[in-house]
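**Student:** Let me begin by handing over the structure; questions about it come next.
The values are calculated or read from the model by the stated rules, or taken from the named source; none is laboratory data. Keep in mind that what you see is a predicted model, and the values were worked out from it rather than measured. Cβ sites come from the backbone with ideal geometry, for glycine too, and all protein chains shown count toward neighbours.
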Protein chains: 2
Amino acid sequence: MSLVLAPTAQDLLFREARTANTFTDEPVTEEQVQAIYDLVKFGPTAFNQTPLRVTLVRSAEARERLVAHMSEGNQAKTATAPLVAILSADNEFHEELPQLLPHFPQAKDAFFAERPVRENSAQVNAALQAGYFIIGVRAAGLAAGPMTGFDFAGVQKEFLDEDHSPLMVVNIGRPGDDAWFPRSPRLGYEQVITTV
Amino acid sequence: MSLVLAPTAQDLLFREARTANTFTDEPVTEEQVQAIYDLVKFGPTAFNQTPLRVTLVRSAEARERLVAHMSEGNQAKTATAPLVAILSADNEFHEELPQLLPHFPQAKDAFFAERPVRENSAQVNAALQAGYFIIGVRAAGLAAGPMTGFDFAGVQKEFLDEDHSPLMVVNIGRPGDDAWFPRSPRLGYEQVITTV
């Protein structure tokens, strides 16, 4: 076996984990979200910039506002998931670099003085952290349903501000009845990996 | 405990895993890379587009060319890591959508006819997959050292083409002597997560 991670953990995080389309009523607690964050916060990012921000949509009123911005095919599951999270990138993450990179606080001005550079870096590194976050949700025994089918400008205006760009919306909970579509194919090793 | 994943697996993937700066001589085999890919290929992406591509730099000649494009502080570790991988985003991923999304092959033209849309989607989804890839490297008991300190245009010209945008370079291997810097701080829960 080439992997050290136990096969049951491989199943939990990748092989049996799936993007759920239906959920049970079981709530996702604050303690679970805290445990997920306390695990995935350690995933590496460039300059330790950790630009991912998470908005938990818990009130009925906020849920209704969010559903209105989802594409039609995503509305029913977003309305019924036990918890919905808006993942966004903080384009002003550099303000936290003195805290995050105490051995090199000059990085804030040396590398991230320009907003377009920050926006690009925030998008890439927040997406990297979204990968860790989805794995973390699965580590809590929950299904994550990431979606990009929504009105990005509408969600930004409704829930965020000009310094936070939406990245994806994630439905979180225990899978319900008929939760899965058939697994779609994946690319073969030789289509993805080349050697030079 | 709010997490289902075993504490030893949590340590392996997040808490004890670190970005290594030195490595032992032990090679990273083709079998290990295959096992990593066969695990992380299942991570979700939008429209199952899976735009991440990986270039394994195995020959001495290619390694030398890559090191020349790394920033000074990254050259020594890139020269000595058992395996170096260039992660890139395939901006023409839509050509594979008929294979990847057999129930909705129209997505290729309906959503991804325009190159700027593809480039943005490829960058975000390849970064998401880079998160899965780093977790997969750790699942193999190896350290991953992701780096963005290199000449992006130079690496693209030298190793890729105009349809593949470099995302990061990752050093892979078993940690050597003095492999770790002290762990940098992370943001508190309340700095990252808000509830509405």
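**Student:** Would you check if A:Ala153 is closer than 22 Å to A:Arg65 by Cβ and facing chain B (nearest Cβ under 8 Å)?
**Tutor:** Taking the combined requirement at face value, the residue does not satisfy it.
**Student:** Here's another thing I want to ask about it. What is the number of the single condition among (1) surrounded by fewer than 22 Cβ atoms within 10 Å (Cβ to Cβ); (2) aromatic (Phe, Trp, Tyr); (3) in contact (Cβ under 8 Å) with a residue 24 or more places away in the chain that A:Phe93 does not meet?
**Tutor:** Evaluating A:Phe93 over (1) surrounded by fewer than 22 Cβ atoms within 10 Å (Cβ to Cβ); (2) aromatic (Phe, Trp, Tyr); (3) in contact (Cβ under 8 Å) with a residue 24 or more places away in the chain leaves (1) as the failure.
**Student:** Can you report the number of residues in the stretch A:160-180 which are part of a strand (DSSP E or B) and either hydrophobic (A, V, I, L, M, F, W, C) or without any contact (Cβ under 8 Å) to a residue 40 or more places away in the chain (or both)?
**Tutor:** 5
**Student:** Only one of (1) touching a helix residue (DSSP H, G or I) at 6+ places or on another chain (Cβ under 6 Å); (2) closer than 20 Å to B:Arg18 by Cα; (3) surrounded by fewer than 18 Cβ atoms within 10 Å (Cβ to Cβ) fails for A:Arg65. Which number is that?
**Tutor:** Condition not satisfied by A:Arg65: (2).
**Student:** Oh, and also: B:Ala140 - would you say it is within 12 Å of another protein chain (Cβ to nearest Cβ), more than 29 Å from A:Ala85 (Cα to Cα) and at pLDDT 95 or above?
**Tutor:** In short, yes.
**Student:** What are the residue pairs meeting all of these: first residue in the stretch A:34-51, first residue within 15 Å of B:Ile193 (Cα to Cα) and within 7 Å of chain B (Cβ to nearest Cβ), second residue surrounded by fewer than 24 Cβ atoms within 10 Å (Cβ to Cβ) and among the basic types (Lys, Arg), Cβ atoms under 6 Å, and 6 or more apart or on different chains?
**Tutor:** A:Lys41/B:Arg186
Results for (1) surrounded by fewer than 24 Cβ atoms within 10 Å (Cβ to Cβ); (2) among the small types (Gly, Ala, Ser); (3) in a helix (DSSP H, G or I), shown as yes or no for each residue.
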residue: B:Val117; (1), (2), (3): yes, no, yes
residue: B:Ala127; (1), (2), (3): no, yes, yes
residue: B:Gly131; (1), (2), (3): no, yes, yes
residue: B:Val137; (1), (2), (3): no, no, yes
residue: B:Gly145; (1), (2), (3): no, yes, no
residue: B:Gly154; (1), (2), (3): yes, yes, yes
residue: B:Glu158; (1), (2), (3): yes, no, yes
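**Student:** Which residue out of A:Ala89, A:Ala113, A:Ala107, A:Ala127 is more than 7 Å from chain B (Cβ to nearest Cβ) and within 24 Å of B:Leu13 (Cα to Cα)? Give the steps one after another, and end with the answer.
**Tutor:** Working: A:Ala113 fails: within 24 Å of B:Leu13 (Cα to Cα); A:Ala107 fails: within 24 Å of B:Leu13 (Cα to Cα); A:Ala127 fails: more than 7 Å from chain B (Cβ to nearest Cβ).
One residue alone meets the criteria, A:Ala89.
**Student:** Same structure, new question: Would you kindly identify the helices (runs of 4 or more DSSP H) lying entirely within the stretch B:1-99 that contain at least 2 residues that are within 14 Å of the chain's Cα centre (by Cα)?
**Tutor:** It comes to B:30-40.
**Student:** May I pose another question? Here are the criteria: (1) in a loop (DSSP other than H, G, I, E, B); (2) surrounded by 18 or more Cβ atoms within 10 Å (Cβ to Cβ); (3) of a type in the set (A, V, I, L, M, F, W, C). Tell me which single one B:Phe104 does not satisfy.
**Tutor:** B:Phe104 satisfies all of (1) in a loop (DSSP other than H, G, I, E, B); (2) surrounded by 18 or more Cβ atoms within 10 Å (Cβ to Cβ); (3) of a type in the set (A, V, I, L, M, F, W, C) except (2).
**Student:** A follow-up question, please. Can you tell me which residues in the stretch A:88-132 are within 24 Å of A:Ile36 (Cα to Cα) and small (Gly, Ala, Ser)?
**Tutor:** A:Ser88, A:Ala89, A:Ser121, A:Ala122, A:Ala126, A:Ala127, A:Ala130, A:Gly131, listed by residue number.
**Student:** From the list A:Glu26, A:Glu31, A:Glu16, which one is more than 8 Å from chain B (Cβ to nearest Cβ), surrounded by fewer than 19 Cβ atoms within 10 Å (Cβ to Cβ) and modelled with pLDDT of 95 or more?
**Tutor:** Within the list A:Glu26, A:Glu31, A:Glu16, the selection yields A:Glu26.
**Student:** Next question. β-branched (Val, Ile, Thr), within 23 Å of A:Val40 (Cβ to Cβ) and touching a Phe, Trp or Tyr at 6+ places or on another chain (Cβ under 7 Å): which single residue out of A:Val169, A:Val196, A:Val155 fits that description?
**Tutor:** Criteria check complete, one pass: A:Val169.
**Student:** For B:His103, state whether it is in contact with a Lys or Arg (Cβ under 9 Å, 6 or more places away or on another chain) and free of Cβ contacts under 8 Å to residues at least 60 places away in the same chain.
**Tutor:** Judged against the criteria, B:His103 is not a match.
**Student:** For the stretch B:69-89, does any single residue satisfy the condition of being of a type outside the set (A, V, I, L, M) and within 21 Å of A:Pro185 (Cβ to Cβ)?
**Tutor:** No, the stretch B:69-89 has no match at all.
**Student:** Something else about it: Based on what the data block shows, is A:Arg186 of a type in the set (D, E, K, R), facing another protein chain (nearest Cβ under 7 Å) and either more than 26 Å from A:Gln32 (Cα to Cα) or within 21 Å of the chain's Cα centre (by Cα) (or both)?
**Tutor:** yes
**Student:** Please enumerate the residues belonging to the stretch B:127-144 that are among the small types (Gly, Ala, Ser) and closer than 23 Å to B:Glu26 by Cα.
**Tutor:** Of everything in the stretch B:127-144, those that are among the small types (Gly, Ala, Ser) and closer than 23 Å to B:Glu26 by Cα turn out to be B:Gly136, B:Ala139, B:Ala140, B:Gly141, B:Ala143, B:Ala144.
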